[in-house]
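Novice: Have a look at the structure that comes next, please.
The values are calculated or read from the model by the stated rules, or taken from the named source; none is laboratory data. Everything quoted here is computed from the prediction, not taken from an experiment. Here the Cβ positions follow ideal geometry from the backbone for every residue, glycine too, while neighbour counts run over all protein chains shown. Just the protein is used for accessible areas: all its heavy atoms, side chains included, with ligands, DNA and RNA removed. Shrake-Rupley method; radii C 1.70, N 1.55, O 1.52, S 1.80 Å.
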Amino acid sequence: MENVFDYEDIQLIPAKCIVESRSECDTSVTFGKHTFKLPVVPANMQTIIDEKVATYLAENKYFYIMHRFNPETRVSFIKDMHAKGLIASISVGVKEEEYDFVEELAQLDLTPEYITIDIAHGHSNAVIRMIQHIKTHLPESFVIAGNVGTPEAVRELEHAGADATKVGIGPGKVCITKIKTGFGTGGWQLAALRWCAKAATKPIIADGGIRTHGDIAKSVRFGASMVMIGSLFAGHEESPGTIVEQDGKLFKEYFGSASEFQKGEKKNVEGKKMFVQYKGALQDTLTEMEQDLQSSISYAGGTKLEAIRTVDYVVVKNSIFNGDKTY
Ligand SMILES: NC(=O)C1=CN([C@@H]2O[C@H](COP(=O)(O)OP(=O)(O)OC[C@H]3O[C@@H](n4cnc5c(N)ncnc54)[C@H](OP(=O)(O)O)[C@@H]3O)[C@@H](O)[C@H]2O)C=CC1
Ligand SMILES: Nc1nc2c(ncn2[C@@H]2O[C@H](COP(=O)(O)O)[C@@H](O)[C@H]2O)c(=O)[nH]1
């Protein structure tokens with residue numbers, strides 16, 4: 001791999017502005033059969049999303065993916081969302097009982113609009129078999145498969161029938177895969193995204209490592225149709241993590257899906273727990289993301305997200321923050 005870089009090493013180069021106001025710029029994205037307000041999806045993790053957050057996002061035309069860690073609630077979740085006229089977007093694993101679950105949905109005539117196969121090492125026969133199983137029993141569901149970090153993996157999962165692939169092995173804020181195994185895209189996630197996007201013929205979700213709103217525009221530039229974000233969504237009032245007070249300041253817990261806290265045991269642990277600063281209402285962050293992305297589109301010299309995909313960029317090797325912090 002040549003030209004390895006990450007989010008903080010890149011600056012996008014402005015093109016001539018064609019709008020009078022940033023409000024003219026449209027951040028919406030069509031992903032599968034639906035159009036959403038932002039190319040952003042909160043991570044399908046237990047401290048990021050629950051039924052209430054999912055409903056809020058769907059009602060307000062944001063994409064969401066419900067996590068898979070309360071498997072027994074998934075059937076009622078899909079029914080509830082459909083009863084409210086909302087899309088159902090769920091996650092599955094690859095263990096034996098997940099095959100039965102997919103068949104159960106088919107027997108109940110319940111088709112989630114989106115199903116995400118959510119495992120750590122998605123370039124595997126287990127995921128390929130699950131894609132094929134879903135496509136056999138629920139052919140109308142849009143299947144997102146991951147996570148992967150190579151063009152070979154993207155090609156194989158697409159070939160197996162995935163409608164989108166999710167790229168990112170180990171760049172997450174609560175991830176310790178890179179430390180415990182020595183593998184992953186941590187530290188070069190943006191370059192890995194570009195590498196994968198060149199091979200992809202279907203949409204890619206860039207997953208993990210987003211630390212600023214500008215990183216969303218950079219992900220779009222390097223080939224993402226959608227960007228999955230955990231840590232930036234962990235500190236909200238609505239975030240399911242427990243709230244704690246320390247030295248008069250409020251924090252919310254954020255833990256990895258492969259952490260001991262999630263698994264309830266110390267086996268194959270590849271995630272940790274941390275506390276992020278409380279930051280008020282979820283909608284405030286979504287609104288700020290939209291405004292920042294509208295601004296990105298204006299700097300790209302366009303009125304739509306697509307304008308970002310073709311801008312020039314420079315590699316500035318770890319210098320863009322220049323000691324500054326965003327908060
Ligand atoms: N994006 C990322 O970088 C990472 C994300 N995660 C998240 O953590 C959660 C748990 O993930 P995961 O452990 O995959 O889910 P599961 O615990 O559901 O494991 C899925 C299946 O894959 C097997 N498996 C897991 N890792 C490997 C591997 N490296 N090689 C071969 N087989 C493997 C498991 O068996 P067995 O346990 O017996 O090996 C199990 O049968 C998911 O939500 C995932 O997204 C976890 C790590 C990295
Ligand atoms: N290696 C691990 N990765 C994990 C774990 N739990 C979640 N994740 C991944 O992180 C992103 C979110 O990243 P962030 O930088 O935005 O916080 C998430 O979508 C997963 O792909 C874990 O336990 N280990």
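Novice: Give me the tail of P(r) for the range 45-147 as a percent: Cα-Cα pairs with distance above 16 Å.
Specialist: Summing the P(r) of the range 45-147 above 16 Å gives 53 percent of all pairs.
Novice: Would you calculate, for the chain, the mean residue ellipticity at 222 nm contributed by helices, counting each DSSP H stretch of 4 or more residues as -39,500 (n - 2.57) and dividing by all residues, to the nearest 500?
Specialist: Here the helix-only value at 222 nm equals -9000 deg cm²/dmol.
Novice: Give the accessible surface of the range 10-315 per residue, rounded to a whole number of Å², with probe radius 1.4 Å and ligands, DNA and RNA excluded.
Specialist: 44 Å²
Novice: Once Rh is set to the Kirkwood radius over Cα pairs, what Stokes-Einstein translational diffusion coefficient, in µm²/s, holds for the chain at a temperature of 20 °C and a viscosity of 1.002 mPa s?
Specialist: Translational D for this selection: 106 µm²/s.
Novice: What helices does the chain hold that run 15 Å or longer along their axis, going by alpha-carbon atoms, with a Kyte-Doolittle average of -1.0 or more, using DSSP H for the helix calls?
Specialist: Helices meeting the span and hydropathy rule in the chain are 125-137, 189-199, 282-299.
Novice: Can you pull out the GluC sites (Glu not before Pro) in the range 202-268 that DSSP calls coil and that have at most 11 other Cβ atoms within 10 Å?
Specialist: Counting only loop positions with at most 11 other Cβ atoms within 10 Å, the GluC sites (Glu not before Pro) in the range 202-268 are Glu265.
Novice: Which order do the peptides 269-281, 182-194 come out in when sorted by mean C-beta neighbours inside 10 angstrom, highest first?
Specialist: 182-194, 269-281
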